[in-house]
Amino acid sequence: MAESAPAFKTQMVQKSVQELVLNGDELPENYIHKDRDGGDLDVPLVEIPVVNLGLLKSLSTSKEELQKLRSALSTWGCIQLTNHGMTPSFLDEVREVTKQFFALPMEEKQKYSRDAKSADGIEGYGNDKILSEKQILNGTERLHITLNPEQRKLKFWPENPKVFRDILNDYTIKLSMVIEIILTAMARSLDLEDNCFLDQYGKEGKMNAGFNYYPKCPRPDLVIGIEEHTDAAAITFLLQDNEVEGLQFQKDNQWFKVPIIPEALLVIVGDQAEIMSNGIFKSPVHRVVTNSERERISLAVFCLPGFNEEIGPIDRLVDESRPRLYKKVKNYVSIYLEYFKQRKRPIEAVKI
């Protein structure tokens with residue numbers, strides 16, 4: 001899931017990626033992609049369409065901006081969102097507390113470690129969980145947190161840095177307002193009633209945050225930051241590092257690197273929005289590469305329909321020219337995790 005591939009119930013890696021790099025340890029075999037030739041580090045830069053949230057809401061300018069939104073989400077599956085109500089200085093504060101957390105001593109970060117005994121929990125700090133002896137691990141460390149107020153497990157919310165909780169809470173509130181506007185705009189761009197996507201997202205929609213840290217990697221030609229995947233969410237908000245590139249999208253079997261716009265949020269279509277739009281909006285395959293010279297951070301917030309909500313193609317998007325492409329489904333995340341574990345494209349499981 002956008003810069004935060006799925007995690008599963010198994011033991012965690014003995015040493016973190018950061019520890020391996022700082023200690024100058026040789027990278028273990030289970031980090032090495034032997035089939036990579038390093039060519040994917042030098043890929044073309046693509047200009048992801050920039051959409052102005054303020055214009056989406058304006059009666060006088062929304063038509064043109066809605067057309068831009070529809071075109072972008074049906075081709076690239078993502079937009080660079082500006083004028084979203086968050087100042088550049090606030091976004092920099094979010095980035096800064098992310099960097100400060102990952103810079104803490106290991107014993108401090110481990111206070112927020114995932115519960116290895118939990119059957120379904122991915123919340124907490126850690127790096128990849130080991131699924132099998134043949135698994136190739138990602139060169140990243142993560143902190144997963146559930147943001148929904150009624151579901152918060154504060155034991156996983158860092159108290160150091162001291163402002164971490166307050167800033168994350170503010171970020172959550174601001175994003176919650178943006179979600180409604182984006183889902184409404186997505187419906188309008190398809191000439192649907194405003195609430196078509198919001199109704200399927202439901203009142204119990206979830207927001208999960210994935211903080212990602214990519215230390216400098218001595219062999220970026222052999223170690224991937226996050227392996228290629230799509231997101232299980234309806235939509236994902238990604239706050240990129242404001243200086244270091246690393247995110248790549250796949251289109252027409254070619255990889256492209258995503259530019260940095262420090263004041264923008266990258267909005268990515270997830271599998272569940274592709275299902276609801278009957279395949280009009282595309283859930284893009286993406287990955288993250290490592291960097292030999294600089295560390296990198298990012299923050300992905302996944303917006304997921306409530307697990308009890310049934311999602312499926314909106315009826316008005318099904319006709320003779322576009323037959324129904326997907327089944328109706330509940331708790332798509334569980335299907336996603338099972339298929340991802342088998343290295344299969346999860347959305348294939350619900351195709352008709």
Angle between the chain longest axis and helix 62-75 axis [Cα atoms, degrees, rounded to 10]
50 degrees
Add +1 for every Lys or Arg and -1 for every Asp or Glu among the other residues with Cβ under 14 Å from the Cβ of Leu192, and state the total.
-2
Say the cut-off is 30 Å between C-alpha atoms; which of Lys34/Lys257; Lys216/Lys257; Lys68/Lys162 go over it?
Lys68/Lys162
Quick one: 3J(HN,Hα) in Hz for region 263-274, Karplus 6.51/-1.76/1.60 with θ = phi - 60°, rounded, Gly and Pro as x.
8, 9, 9, 7, 9, 10, 5, x, 3, 6, 6, 5
For Gly246, what residues show an amide H to amide H distance below 5 Å, using hydrogens built from the backbone and excluding near sequence neighbours?
Val258
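Please report, in debye to the nearest 20, how large the charge dipole of region 17-325 is about its Cα centre when each Lys and Arg carries +1 at its beta carbon and each Asp and Glu carries -1 there. Don't skip to the end; give the middle numbers.
On the way: 35 positive and 50 negative charges, 78 e Å.
Once rounded to the nearest 20, the dipole reads 380 debye.
Over 19 Å between Cα atoms, which of Lys111/Lys155; Lys251/Lys327; Lys111/Lys174; Lys251/Lys330; Lys153/Lys341; Lys174/Lys328 qualify?
Those over the limit are Lys251/Lys327; Lys111/Lys174; Lys251/Lys330; Lys153/Lys341; Lys174/Lys328.
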May I ask for the net charge around Pro161, where only other residues with Cβ less than 15 Å from the Cβ of Pro161 are counted and Lys, Arg are +1 while Asp, Glu are -1?
-1
Where does the charge balance sit around Glu65 when Lys and Arg score +1, Asp and Glu -1, over other residues with C-beta under 11 Å from its C-beta?
+4
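Classify region 254-352 as rounded, prolate or oblate, taking a ≥ b ≥ c as the square roots of the eigenvalues of its Cα gyration tensor: rounded when a/c is under 1.5, otherwise prolate if a/b is larger than b/c and oblate if not.
Numbers: a/c = 2.09, a/b = 1.79, b/c = 1.16.
Judged from the Cα gyration tensor, region 254-352 comes out prolate (a/c at least 1.5, a/b above b/c).
Quick check for me: using +1 on Lys/Arg Cβ and -1 on Asp/Glu Cβ, what's the dipole size of region 139-234 about its Cα centre, in debye to the nearest 20? Walk me through the numbers on the way to the answer.
On the way: 12 positive and 15 negative charges, 125 e Å.
I would put it at about 600 debye.
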Pull out a ≥ b ≥ c, the square roots of the eigenvalues of the alpha-carbon gyration tensor of region 173-225, then state rounded if a/c is under 1.5, prolate if not and a/b is larger than b/c, and oblate in the remaining case.
prolate
Among Leu56, Leu190, Cys78, which residue has its Cα furthest toward the positive end of the charge dipole of region 17-325, with +1 on Lys/Arg Cβ and -1 on Asp/Glu Cβ?
Leu56
On a 0 to 90 degree scale, rounded to 10, what angle separates helix 88-102 from the longest Cα axis of the chain?
40 degrees
Just the projected area, averaged over all directions, of the convex hull on the alpha carbon atoms of region 17-325: how many nm²?
16.7 nm²
Calculate the FRET efficiency for Lys251 and Leu154 from the Cβ-Cβ distance with a Förster distance of 35 Å, rounded to the nearest 0.05.
0.30
Taking H as built 1.01 Å from N, whose amide H comes closer than 5 Å to the amide H of Gly225, not counting residues under 5 places away?
Gly139, Val288, Val289, Thr290
Karplus-derived HN-Hα couplings along region 200-207 (A = 6.51, B = -1.76, C = 1.60, θ = phi - 60°), whole Hz, x at Gly and Pro:
6, 4, x, 6, 9, x, 10, 10
Note, ³J(HN,Hα) from phi for region 283-293, Karplus 6.51, -1.76, 1.60, rounded to Hz, x at Gly and Pro
8, x, 7, 8, 7, 10, 9, 8, 9, 7, 10
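No value in this document is a laboratory result; all are computed from the given coordinates. Please read all numbers here as calculations on a predicted model, not as lab measurements. Cβ atoms come from the backbone with ideal geometry, glycine included; neighbour counts cover every protein chain shown.
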